[in-house]
1. From MET329, MET313, which residue is surrounded by fewer than 24 Cβ atoms within 10 Å (Cβ to Cβ) and over 25 Å from ILE75 (Cα atoms)?
2. If you go through the range 131-175, how many residues are in a helix (DSSP H, G or I) and farther than 24 Å from ASP201 by Cα?
3. Is the range 65-78 home to any residue that is without any contact (Cβ under 8 Å) to a residue 40 or more places away in the chain, under 26 Å from GLU200 (Cβ atoms) and either touching an Asp or Glu at 6+ places or on another chain (Cβ under 9 Å) or not in a helix (DSSP H, G or I) (or both)?
4. Given the options ASP320, ASP356, name the one that is surrounded by fewer than 19 Cβ atoms within 10 Å (Cβ to Cβ), touching a Pro at 6+ places or on another chain (Cβ under 6 Å) and either assigned by TED's automatic domain parsing to the domain that holds VAL112 or in contact (Cβ under 8 Å) with a residue 12 or more places away in the chain (or both).
5. How about the range 13-35: which of its residues are at pLDDT 95 or above and not β-branched (Val, Ile, Thr)?
6. For residues that are part of a helix (DSSP H, G or I) and either under 25 Å from ALA237 (Cβ atoms) or more than 25 Å from the chain's Cα centre (by Cα) (or both), tally how many sit in the range 182-203.
7. Can you name the residue in the range 109-130 that is farther than 18 Å from GLY252 by Cβ and touching a Ser or Thr at 6+ places or on another chain (Cβ under 6 Å) and is also surrounded by the most Cβ atoms within 10 Å (Cβ to Cβ) among such residues?
8. Can you tell me how many residues within the range 213-261 are farther than 17 Å from ASP201 by Cα and either of a type in the set (A, V, I, L, M) or not in a helix (DSSP H, G or I) (or both)?
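The values are calculated or read from the model by the stated rules, or taken from the named source; none is laboratory data. Keep in mind it's a predicted model, so treat the numbers as computed, not measured. Cβ coordinates were reconstructed from backbone atoms using ideal geometry, including for glycine residues, and neighbour counts include every protein chain displayed.
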Amino acid sequence: MRKVFLALAAATLLTGPAVADDVKIGIILGFTGPIESLTPAMAAGAELAISEVNDSGSFMGGSKIEVVRGDSTCIDSAAATAVAERLITSDKVNAIMGADCSGVTTAILQNVAMANGVVMISPSATSPALSTVADNGLFFRTAPSDARQGQVVAAILKDQGYKSAAITYTNNDYGKGLADSIETNFKKVGGKVTINVSHEDGKGDYGAEVAALAQAGGEILIVAGYLDQGGKGIIQASLDTGAFDVFYLPDGMIGDSLPAAIGDGLNGSIGDVPGTDSPGAATFEKMASAAGFKSGPFAPESYDAAALIIMAMQAANSTDSQAFKGKVMSVANAPGQKIFPGELGKALKIIAGGGDVDYVGASAVELIGAGESAGNYKEILVKGGKNTTVRFR
């Protein structure tokens, strides 16, 4: 009888959930570096989705998901690839939510994720080059390309009556791609770009860069940089010297830390950041507050990136990236029952029952092309020392 019991026990172990207690999602974001003030809310957003799924008990026969964090630094590709290598080969993560900045995201994708066949969904890497990079079907992003942001920037500048602008950008894939997109689209609507030059992050003095920008002139200075690094330094030096007194702030410059650091001198500046006024966005704000953190730029996109990974695994009935990578687009888009934040358990049950879901999420997700967000933006005005929303585009 004992032998029969042992045999049954062994059979139960073999036929039970194959992935129980062994599902890991890596979160790779710049916890240090030029956007470090943004990443706590981004990580919390992704972890909120994972906690919601764990609490539902509806994932892969009741399996739980473990989070493993890694620091991309945002700017150090060698460090970011080393972290990703550790998460994949040592920690054995099944997928990556991240990375954040475009350069490190590209490096991780090309040097680690493709070599190991691991899915990545970035909430914030926006370089246009990522739309066409070879990825073996492994890379997706819930943030729109800067090809789209360039159109939005040009439209806002035109609507605000600006006819000329100087551009400075952080010297990497993100900055260069965004600056070129802005220049191309601003010229299309009749604007003039007086200068389009890079700056390096981490410098103590940006006097020379600002002098060159001032000499070229322009009614507004577009700073396509990072709010915790060179972009902030450029703005402060411009205000200190009187070179410019109004600035355009693209997505990498939007966050509470910048107006707090600069003060009243930033009032009147304008900008944009991915965002939507959809019902899902409002629901996510409430969920974030209840979870003890304040939503911020790319936090909704982070929630959605994690959610898409999990739903794609459920749809494939596998945590193997090679199996579930083909399900990401189908769970993100119609047809199917629309799914909003707080409904991930419901979505998993629908999928397990053979139904279809159309994930709307916190950022009104609609994946196009090779798997990137179609793009919705908040138009920003800095007023009273705070980033305020003017409207959505």
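1. Step by step, each of MET329, MET313 is checked, and only MET329 is surrounded by fewer than 24 Cβ atoms within 10 Å (Cβ to Cβ) and over 25 Å from ILE75 (Cα atoms).
2. Initially, the range 131-175 is screened for residues in a helix (DSSP H, G or I), giving 131, 146-159, 173-175.
If we keep only those that are farther than 24 Å from ASP201 by Cα as well, we get 131, 148, 151-152, 154-159.
Residues in the range 131-175 being in a helix (DSSP H, G or I) and farther than 24 Å from ASP201 by Cα: 10 in total.
3. Among the residues of the range 65-78, not one is without any contact (Cβ under 8 Å) to a residue 40 or more places away in the chain, under 26 Å from GLU200 (Cβ atoms) and either touching an Asp or Glu at 6+ places or on another chain (Cβ under 9 Å) or not in a helix (DSSP H, G or I) (or both), which makes the answer no.
4. When all the criteria are applied, what remains is ASP356.
5. Initial filter on the range 13-35 (at pLDDT 95 or above): 23-35.
Correct list: LYS24, GLY26, LEU29, GLY30, PHE31, GLY33, PRO34.
6. Going through the range 182-203 one residue at a time, the tally reaches 5.
7. Narrowing the range 109-130 to residues farther than 18 Å from GLY252 by Cβ: 109-121.
From what is left, the residues that are touching a Ser or Thr at 6+ places or on another chain (Cβ under 6 Å) are 111-112, 117-119.
Values: ASN111: 17, VAL112: 23, GLY117: 14, VAL118: 23, VAL119: 26.
Residue satisfying both the conditions and the ranking: VAL119.
8. So the answer is 18.
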